[in-house]
Every structure is written in C-alpha cells, then in structure tokens.
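Since the structure comes first, as structure tokens, the remarks are kept for the end.
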Amino acid sequence: MVASIIDGKAVAQTIRQEIAAETAKLKAETGKVPGLAVVLVGSRPDSETYVRSKRKGCEEVGIRSFGSDLPEDVSEEELLKVVSDYNEDPDVHGILVQLPLPKHINEQRVLDAISLEKDVDGFHPSNIGRLAMRGREPLFVSCTPKGCLELLDRSGVQISGKRAVVVGRSNIVGMPAALLLQRRDATVSVVHSRTPNAQEICAQADIVIAAVGKAEMLTGDWIKPGAAVIDVGTNAVEDASKKRGYRYLALAPKGGRPESP
C-alpha cells in the first residue's frame with residue numbers, strides 16, 4: 001500500500017489564513033487586536049525554536065506579540081511576577097510559558113498562576129479537569145493535541161469507533177491527545193517507556209499519535225497498513241555538518257502541529 005502524506009504545513013497555512021481573516025474582522029468591527037505573550041526561560045535549542053515559530057505565527061496572522069526572554073537562573077518569584085504582570089495587562093489576551101522550565105522552578109506553580117481566561121495552552125488544572133470530564137468543555141485545549149485532531153479531521157480520517165494509540169504520556173501532548181481522542185469516541189490506548197508490548201499495541205491501531213522525545217523510535221513494522229500516523233516529536237540529534245552541532249529530526253516531516261505555528 002502506497003502511503004499518502006498528511007501535509008501539516010499546508011493545513012497550517014490554511015488555518016493561518018483563516019485566523020488572519022478573523023483577526024482582521026475583529027479589528028475592523030471592534031478596534032481590538034488580540035495579544036499573545038510568550039515567556040521563554042533559558043536557552044534550550046528546542047524551546048527557542050518553538051518560541052520563534054510562535055512569534056512568527058503571530059506576525060503572520062495579525063496578533064500582537066509580547067515576549068519575555070528570561071535567563072536560565074531567573075528565580076521562581078521573578079518568573080511569577082512576569083506572569084502576574086501579563087495577567088493584569090488588558091492588551092494581553094493569552095499567555096504561553098514555554099516548557100520545560102529549569103529544575104529549580106516549580107512548573108505547576110507557574111502554570112497555576114496564569115489566569116484561567118488567558119491559559120491558551122490549556123495547562124491550567126481547571127482546563128485539564130474539564131477536558132477529562134464528559135459534558136464539560138475546557139476554555140482552552142493544548143495546541144499540539146488539538147492540532148493533531150485538526151490534521152485528522154481535515155484529512156478525512158474518521159475518529160469515532162476507531163482504535164487509537166498515543167505514544168507518550170506527557171502533560172503537554174500525550175495525555176491531552178488521549179483525552180481528546182476519547183471525547184471523539186475513539187478507543188484509546190496510551191503506551192510509554194514502561195509498556196512492555198508497545199509495538200504490538202501500536203500495530204493494532206487505526207490512528208497513531210507519536211508524542212515521544214526519542215528519535216526514530218517508531219518504525220514501519222509498528223504500523224498496520226492503512227493506519228493514520230501523526231508524529232509530533234521533534235528531536236535535536238548530533239550533526240557535525242551543522243554549525244550549531246545538531247539538527248532537528250521529526251520522523252514524519254510535514255506531519256504535525258498545524259496549530260502550533
């Protein structure tokens with residue numbers, strides 16, 4: 001069976017055009033411009049890449065971008081003050097704190113400090129709790145998991161009644177993705193580093209979402225013919241030919257994150 005590529009970049013471009021039109025309409029009708037604050041701590045290469053992408057995405061769709069790039073050794077209290085200031089800023093409508101944070105900072109305390117109404121990453125416990133409950137809707141859903149389902153929907157992949165496997169159980173991608181699939185009536189399994197028969201489980205899936213921080217973990221013999229695969233894992237691997245000494249590897253180029261610009 002010849003595989004067909006789900007072109008995440010093409011889907012992302014379509015979504016950005018839709019958002020740009022909505023943003024322009026909002027500005028024309030109300031005079032308001034959406035504002036997004038992105039907070040980066042430290043200089044992790046992957047985090048810097050994601051933040052650049054988010055800020056570029058804001059520029060492309062007409063969203064006002066606010067940024068705070070803080071040093072690795074910033075104190076937790078200093079970071080909380082930055083979040084508090086954005087909470088109080090009426091021009092900021094959404095706040096993203098790039099994860100992971102340095103080990104000396106209590107990540108959950110920082111996420112809890114973000115105003116629920118500005119938690120556009122959907123990481124606040126109240127948003128996650130609502131996502132897990134039937135009949136309750138979160139104010140916001142994590143961008144990457146939502147983007148995975150957007151890719152499936154826009155590619156005509158049926159979710160209801162299908163067997164789905166999520167590889168990875170992070171709070172950022174894996175668990176929210178599993179909850180979203182479950183809300184869409186898929187039968188969902190989550191496999192992780194402690195799953196002894198991960199390959200066997202994946203081979204039974206109609207839908208596989210790979211959200212694991214390990215390059216080249218999934219290979220073709222893990223996937224049954226006809227299955228839809230969304231890979232959102234991006235890993236830095238050593239590459240002496242690159243000036244920075246590494247390159248980014250995504251197992252399925254074009255295959256993920258249409259809503260994380």
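The values are calculated or read from the model by the stated rules, or taken from the named source; none is laboratory data. Bear in mind the structure is a predicted one, so any value in this text is a computation, not a measurement. Heads up, the Cβs are rebuilt from the backbone with ideal geometry, glycines too, and the neighbour counts pull from every protein chain shown.
Within segment 81-120, track down each residue that is more than 25 Å from residue 62 (Cα to Cα) and either of a type in the set (Val, Ile, Thr) or outside any helix (DSSP H, G or I) (or both).
The answer is 100, 101, 102, 103, 104, 105, 106, 110.
Of everything listed in (1) hydrophobic (A, V, I, L, M, F, W, C); (2) part of a loop (DSSP other than H, G, I, E, B); (3) modelled with pLDDT of 95 or more, the single unmet condition for residue 172 is (3). When 101, 79 are checked against the criterion of being in contact (Cβ under 8 Å) with a residue 40 or more places away in the chain, more than 30 Å from residue 26 (Cβ to Cβ) and under 21 Å from the mean Cα position of the chain (by Cα), a single residue qualifies: 101.
The conditions of being among the basic types (Lys, Arg) and touching a Lys or Arg at 6+ places or on another chain (Cβ under 6 Å) are not met by residue 27. So is residue 178 modelled with pLDDT of 95 or more, small (Gly, Ala, Ser), part of a helix (DSSP H, G or I) and not assigned by TED's automatic domain parsing to the domain that holds residue 80 or not? Considered against the rule, which asks whether it is modelled with pLDDT of 95 or more, small (Gly, Ala, Ser), part of a helix (DSSP H, G or I) and not assigned by TED's automatic domain parsing to the domain that holds residue 80, residue 178 comes out as yes. Might you let me know whether segment 82-98 holds any residue that is surrounded by 16 or more Cβ atoms within 10 Å (Cβ to Cβ), small (Gly, Ala, Ser) and over 20 Å from residue 173 (Cβ atoms)? So far as segment 82-98 goes, no, none of its residues is surrounded by 16 or more Cβ atoms within 10 Å (Cβ to Cβ), small (Gly, Ala, Ser) and over 20 Å from residue 173 (Cβ atoms). Selection over segment 121-151 of residues that are in a helix (DSSP H, G or I) and among the hydroxyl-bearing types (Ser, Thr, Tyr) gives a count of 2.
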